[in-house]
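For reference, the structure discussed in these notes is given below.
Throughout, read-outs are computed from the coordinates displayed, never taken from laboratory work. These numbers come from a predicted model, not from an experiment. In this analysis, Cβ positions are derived from the backbone assuming ideal geometry, glycine residues included, and neighbour counts consider all displayed protein chains.
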Amino acid sequence: MCGIVGYLDKSGSGAFPLGRTIVEMLKALDTRGPDSAGVALFGGKINRRLILKVSLGEKGDFGGVAEEVSRIVGDVAEVQATSRVEEYLRLVVDYEGSAPDLEKLIESAGEGIEVVSMGKSLEIVKQVGSPENLDTTYGVSKTDGTHGIGHTRLSTESRIDLSHSQPFWAHGYPDLAIVHNGHITNYHKLKRQYEQYGVKFYTENDSEIIGIYLARGLSAGASLREVMAASLEELDGSFSYLVATGSEIGFVTDPFALKPLLYAETDEFVAVATEEIAIREGFGNGFAVVEAQAKDLQLWQK
């Protein structure tokens with residue numbers, strides 16, 4: 001019984017208070033998921049440089065680990081900026097190589113180190129606890145941008161920690177993130193298949209498979225709409241998920257619409273949420289809210 005939200009500012013200015021909007025929507029849903037909260041925010045300007053968000057582990061000398069990771073990255077890329085808040089290291093780099101190779105290099109720096117997001121406009125922050133705690137610790141509300149997705153989690157099967165929290169970045173594929181409510185019942189079958197191709201899994205959370213599935217389809221040359229449509233045939237279970245890239249945001253609901261999802265579209269914005277209250281509390285009543293139907297697929301361009 002997780003809560004998911006998404007928002008797109010149609011003006012495209014990049015100056016919209018995106019972080020504050022996503023956090024307020026999540027707060028309206030926090031009773032659906034008290035275990036953890038997270039956001040994937042896309043800045044208005046797509047940079048030449050890569051933005052890396054790295055989790056430095058659950059405990060220990062975060063400062064020392066951050067220095068070591070920065071040194072390792074500096075051997076293969078030009079580091080333009082670094083900052084750290086708690087267990088998160090943020091790096092902005094000029095890098096011309098392979099994203100999977102850079103991710104593997106960073107994570108070789110020590111046990112528990114994980115690249116949480118990578119992209120030219122994507123930044124993910126997630127944490128055990130409530131949306132309010134997430135905002136207090138990391139100042140999410142201060143972030144502007146064009147679009148984003150968020151998640152508040154009730155754990156039913158897997159661990160409660162940062163790695164198992166959502167959103168999930170599609171590891172190795174820049175600027176692709178997902179949030180999910182429900183269960184992917186053929187998760188274990190798909191996981192075994194992907195592991196045979198060398199895919200690394202970071203969690204036992206079935207939601208992780210969605211990002212991997214979408215990334216593989218995109219890497220094979222399919223459009224996001226095409227791979228989302230294919231997921232309706234390939235993923236089994238009761239689910240609704242939101243996906244966002246640097247230029248698109250959309251959702252899919254399962255063939256029986258077992259997991260609720262509602263959305264509103266006006267001339268100014270698109271808003272999506274598990275419950276109508278998250279949309280109404282954020283934006284008022286001067287527009288219609290539509291319930292997604294079975295096998296619904298909606299996709300919007302930035």
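Tabulated data for the structure shown
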{"item": "Per-region count, region 92-133, residues within 20 Å of the chain's Cα centre (by Cα) and among the acidic types (D, E)", "result": "5"}
{"item": "Tabulated pairs, region 256-284, first without any contact (Cβ under 8 Å) to a residue 24 or more places away in the chain, second in a strand (DSSP E or B), C-beta under 7 angstrom, 6+ apart or interchain", "result": "E276/L262; F283/A271"}
{"item": "Filter result (farther than 11 Å from G148 by Cβ and in contact with a helix residue (DSSP H, G or I) (Cβ under 6 Å, 6 or more places away or on another chain)) within region 27-43", "result": "K27, A28, L29, D30, A37"}
{"item": "Residue within region 241-263 that is in contact with a helix residue (DSSP H, G or I) (Cβ under 7 Å, 6 or more places away or on another chain), more than 24 Å from G43 (Cα to Cα), crowded, with 19+ Cβ neighbours inside 10 Å and not hydrophobic (A, V, I, L, M, F, W, C) present", "result": "no"}
{"item": "Any chance E195 is under 11 Å from the mean Cα position of the chain (by Cα) and over 19 Å from L41 (Cβ atoms)", "result": "no"}
{"item": "Members of region 285-302 that are part of a strand (DSSP E or B), under 22 Å from the mean Cα position of the chain (by Cα) and either surrounded by fewer than 17 Cβ atoms within 10 Å (Cβ to Cβ) or in contact (Cβ under 8 Å) with a residue 60 or more places away in the chain (or both)", "result": "L297, L299, W300, Q301"}
{"item": "Test for E24: is it assigned to a helix (DSSP H, G or I), more than 26 Å from K120 (Cβ to Cβ) and acidic (D, E)", "result": "yes"}
{"item": "Residue list for region 264-279, restricted to those being in contact with a strand residue (DSSP E or B) (Cβ under 9 Å, 6 or more places away or on another chain) and either surrounded by fewer than 20 Cβ atoms within 10 Å (Cβ to Cβ) or not β-branched (V, I, T) (or both)", "result": "A264, E265, E268, F269, V270, A271, A273, E275, E276, A278"}
{"item": "Flag for A170 being of a type in the set (A, V, I, L, M, F, W, C), closer than 20 Å to L235 by Cα, in contact with a Gly (Cβ under 6 Å, 6 or more places away or on another chain) and buried (at least 24 other Cβ atoms within 10 Å of the Cβ)", "result": "yes"}
{"item": "Subset of region 259-284 [among the hydrophobic types (A, V, I, L, M, F, W, C) and more than 21 Å from the chain's Cα centre (by Cα)]", "result": "I277, F283"}
{"item": "Single unsatisfied condition, G44 versus (1) surrounded by 14 or more Cβ atoms within 10 Å (Cβ to Cβ); (2) under 26 Å from C2 (Cβ atoms)", "result": "(2)"}
